[in-house]
Amino acid sequence: MKRSKRFEVLEKRPINLDGFSEEWAEVGLIAMESEYDPEPSIEIQSGVVMEMDGKRREAFDSIDLFIADYGINLDNAEAAMKTDTLQIARMLVDVNVSRDEILKITTAITPAKITKVMSHLNVVEIMMAQMKMRARRRPSNQAHITNLEDNPVLMAADAAEAALRGFSEIETTTAVSRYAPFNALALLVGGLCGKRRILSQCSLEEALELKMGMKGLTSYAETVSVYGTEAVMTDGDDTPWSKGFLASIYASRGMKMRFTSGTGAEVLMGNTEKKSMLYLEARCLFLTKGCGVQGTQNGSVSCIGIPGAVPGGFRVIAAENLMASMLNLEVASGNDQTFTHSDMRRMSKVFMQLLPGTDFISSGYSAMPNYDDMFAGSNTDCDDYDDWYILQRDMRVDGGILPIREEDAIGIRNKGAKALQAVFQYFDLPEITEAEVEEATYAYSSYDMPKRNMVEDLKAAERFLAGNTGFDVAKALWEKGFQDVSENVLDMLKQRITGDYLHTAAIFDEEFKLESALNDPNLYEGPGTGYQISEERWSKMIQKENILGPSAL
């Protein structure tokens, strides 16, 4: 057959390298509105849920039981469950209905009911609702800081730059798990080299992650996964009660914590019980609420290829972020996993969180090139900074980060590398050479860095973790001449004692002040209300050295 030249060109476009699937409800390959999803219902006797979403209590699995006992506000449940789902959906987009009024309903309904509410909303309405339901007034952003070589010098420099750019949280993981103490140390020292407080974490196996947090090397955690079917939850060697116990340990030690879930996880792990992705995610979110953690990292996250393959996949991802906000949870809304060959599709996914704003628009914007991102790559990386800034400028939206000048980036990167060099010297750890500091100051990626002796580093990392705490790091920085960084590290340790950043959606602003859903709640009630970009912040957002201003004409 003679081919159309236009179709021949089109089939070679990057979008056609992506994977797509038709709906297949029997195995859970359906975004929402599956014929197998249960109908909403509840029956309460003497304060105990006896029936929920078509299941009697004696037939509850462990997730049902936990949600029924801890995840639903039973005081208002019977009245809330009688409210029509279309009415709730309309309340979400009605600027005359306050967030607090909606929360009284949405925290008192069942997973099946909240899923039905989402079915009435298109993507624009979901974004309208998200703008109102976000917990904290101002949106923010989180960065990934990793590299292929687990090079701590480069990580310290990258962390310092990320803090300067305005990320509120920085997160690392490892290529080799035994490097974890040095990765955490690099983010702690590098991230606090500027004039601000920043939260940092190291994503690992839960016991090691908790140990480093208790020693003051990290300040929060979020990669604590929950799932929407009992078989998948058990496959992770977990129960709702063990997750709740872990959450209480973090809180008791003054560490912030989110759970992680996302549409597609149960499909990926092979047990959906014939339910839609959104319904299973609703179960995850009610479980998260019941465990009492601050919030969730959701938005499909590392499972993005699954909902991204089926019709309506982006809609369901935006809906799961909204559902989390409707349960009054802090939301770190994905956008942290590369998933497409198409730049147009990549950014269309981001817009549904960037435009309305979420507590953390990306739960991991890669602050380095994607090939250095040990979280398997992010939807955006350091090559996208200027595009991100211009999008903020074009649409007057706050994407959580600000432009910086090259000389400032060089200066702070050098300070981060040198501060870590001083800490290594103090603890008699393997030498960080001047050549490494120089390369980290100007590096694009780990390919620019001299190789370190991995064997010696790994032995030293274990020795360091066994014998030292965040307070020892502050002492080392002070005695090596980095008094300002030392004070910042000590200040973050003090914050754990006060516990203020355990409030929902807590971050620190550039003035060292805490912002959270408690002291800076989102009070959007239509045009002219809610978060408004200040003129001072706007003037910083539109700074761009390669844009000619009047003085340059």
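Just so it is clear, none of the values below were taken in a lab; they were calculated from the coordinates. What you are looking at is a predicted structure, and each value in this text was computed from that prediction instead of being measured. Counting neighbours? That spans all protein chains shown, and the Cβs are built from the backbone with ideal geometry, glycine included.
The figures follow:
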{"read-out": "Difference of contour (0.36 nm per residue) and Cα-Cα distance, Ser252 to Arg56", "value": "67.0 nm"}
{"read-out": "Potential lengthening between Arg393 and Asp69 on full extension [0.36 nm per residue; Cα-Cα distance subtracted]", "value": "112.0 nm"}
{"read-out": "Hz values of 3J(HN,Hα) by residue in region 511-518 - Karplus curve (6.51, -1.76, 1.60), Gly and Pro given as x", "value": "9, 6, 8, 7, 10, 8, 5, 7"}
{"read-out": "For Gly334, distant residues with modelled amide H under 5 Å away", "value": "Asn298, Ser363"}
{"read-out": "Distance between modelled label sites at Tyr447 and Leu86, nm, 7 Å Cα→Cβ extension", "value": "5.7 nm"}
{"read-out": "By average C-beta atoms within 10 angstrom, highest first, the peptides 235-241, 359-365", "value": "359-365, 235-241"}
{"read-out": "HN-Hα J in Hz across region 465-471 - Karplus 6.51, -1.76, 1.60, θ = phi - 60°, x for Gly and Pro", "value": "5, 5, x, 9, 10, x, 5"}
{"read-out": "Cα gyration tensor, region 461-510 - rounded (a/c under 1.5), prolate or oblate", "value": "oblate"}
{"read-out": "Overall form of region 300-426 per C-alpha gyration tensor (a/c, 1.5; a/b vs b/c)", "value": "prolate"}
{"read-out": "Residue-span extension gain [Arg405 to Val48] - 0.36 nm each, minus C-alpha spacing", "value": "122.6 nm"}
{"read-out": "Prolate/oblate/rounded call for region 409-535, Cα gyration tensor, a/c under 1.5 rounded", "value": "prolate"}
{"read-out": "Quarter of the Cα convex hull surface for the chain, i.e. its orientation-mean projected area (nm²)", "value": "28.5 nm²"}
{"read-out": "Using a Förster distance of 45 Å, the FRET efficiency for Lys5-Ala376 (Cβ separation, nearest 0.05)", "value": "0.75"}
{"read-out": "Fewest-first ranking of Met255, Met128, Met50, Met368, using other Cβ atoms within 10 Å as the exposure measure", "value": "Met50, Met128, Met255, Met368"}
{"read-out": "Table column - 3J(HN,Hα) (Hz), region 347-361, Karplus curve with 6.51, -1.76, 1.60, x for Gly and Pro", "value": "7, 5, 5, 5, 4, 6, 10, 5, 5, x, x, 10, 4, 9, 4"}
{"read-out": "Coil-residue GluC sites (Glu not before Pro) of region 194-287, DSSP, other Cβ within 10 Å capped at 12", "value": "Glu205"}
{"read-out": "Cβ crowding within 10 Å averaged over residues, with 13-19, 172-178 ranked highest first", "value": "172-178, 13-19"}
{"read-out": "Burial ranking of peptide ranges 476-482, 116-122, 508-514 (average Cβ count within 10 Å, highest at the top)", "value": "116-122, 476-482, 508-514"}
{"read-out": "Pairwise label distance in nanometres, Lys459 with Asp509, each label 7 Å out on the Cα-Cβ vector", "value": "5.0 nm"}
